[in-house]
Every structure is written in C-alpha cells, then in structure tokens.
1. Quick one: length gained pulling residue 22 to residue 63 fully straight, 0.36 nm per residue minus the C-alpha distance?
2. Antiparallel as a % of all DSSP beta bridges within the chain, to the nearest 5?
3. Accessible area per residue of the chain at 1.4 Å probe, in Å²?
4. At 7 Å along the Cα-to-beta-carbon direction for both residue 70 and residue 5, put a label point, then send me their distance in nm to one decimal.
5. Anyone know which of 16, 39, 26 comes out most mobile in the 10 Å Cα GNM of the chain?
6. Of the heavy-atom accessible surface of the chain (probe 1.4 angstrom), what whole percent is carbon and sulfur?
7. When the Karplus curve 6.51 cos²θ - 1.76 cosθ + 1.60 is applied with θ = phi - 60°, which whole-Hz ³J(HN,Hα) does each residue of the range 69-80 get, with x for Gly and Pro?
8. Any number yet on Rg/Rh for the chain, C-alpha, Kirkwood?
Amino acid sequence: MKMDLELIDGWLQSIAVGGELDAYTAPRLLDAVTGALDAGHEWLLVDLSDVQYIDSVGLGILIGGAKRAAERNGDLAVAC
C-alpha cells in the first residue's frame with residue numbers, strides 16, 4: 001500500500017491511499033489518521049482513488065476517524 005500525506009491551505013489534511021486496504025495494511029492508515037488528528041488537523045480528506053480493494057477493517061478505520069474528527073468539531077471526507 002502506498003500513502004501520501006499533504007496539508008492543503010494549512011487546514012485540510014489530505015491522505016491519498018493506493019493499493020489494497022485490508023487488515024494487514026490498515027494500521028498504516030490508522031496511524032496517519034490518528035497522527036493528523038493528534039497534530040491538530042480536524043479536517044481530513046482520504047483519497048481512495050487508487051485503492052483496488054478495501055475490507056471491513058479499512059472501513060472501520062474510516063468510520064472511527066470520522067467520529068474522532070467530529071468530536072473535535074471537524075470532519076473526515078472520502079474521495080474516490
């Protein structure tokens with residue numbers, strides 16, 4: 001799995017993911033989402049355009065990340 005992080009306009013943390021997002025690779029996404037939120041970036045964009053496969057673990061991380069962002073008055077959006 002490949003992953004690129006970019007801070008856009010100083011407030012939107014973009015996380016572009018490529019490859020397969022499954023139980024083996026999902027912890028990297030969890031680390032990226034958690035790290036962004038811990039760094040104070042409440043607004044996240046997860047770009048899954050280059051993801052060929054996602055399982056329930058990957059979906060769970062996206063849902064959990066959205067809940068954590070909302071708790072901080074932010075949001076997590078998914079682009080495909």
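The values are calculated or read from the model by the stated rules, or taken from the named source; none is laboratory data. Just so it is clear, the model here is predicted, and its values are computed rather than measured. Backbone-built Cβ (ideal geometry, glycine too); neighbour counts: all protein chains shown. The area values use the complete protein model at the heavy-atom level, side chains included, leaving out ligands, DNA and RNA. Shrake-Rupley method; radii C 1.70, N 1.55, O 1.52, S 1.80 Å.
1. Contour length minus the Cα-Cα distance gives 13.3 nm.
2. Bridges in the chain are about 35 percent antiparallel.
3. In whole numbers, the chain has 57 Å² accessible per residue.
4. Taking the two extended label points, one gets 2.4 nm.
5. Ranking 16, 39, 26 by mean-square fluctuation puts 39 first.
6. Carbon-and-sulfur percentage of accessible area, whole number: 53.
7. 5, 5, 4, 9, 6, x, 7, 10, 10, 10, 10, 10
8. In the chain, Rg relative to Rh is 0.93.
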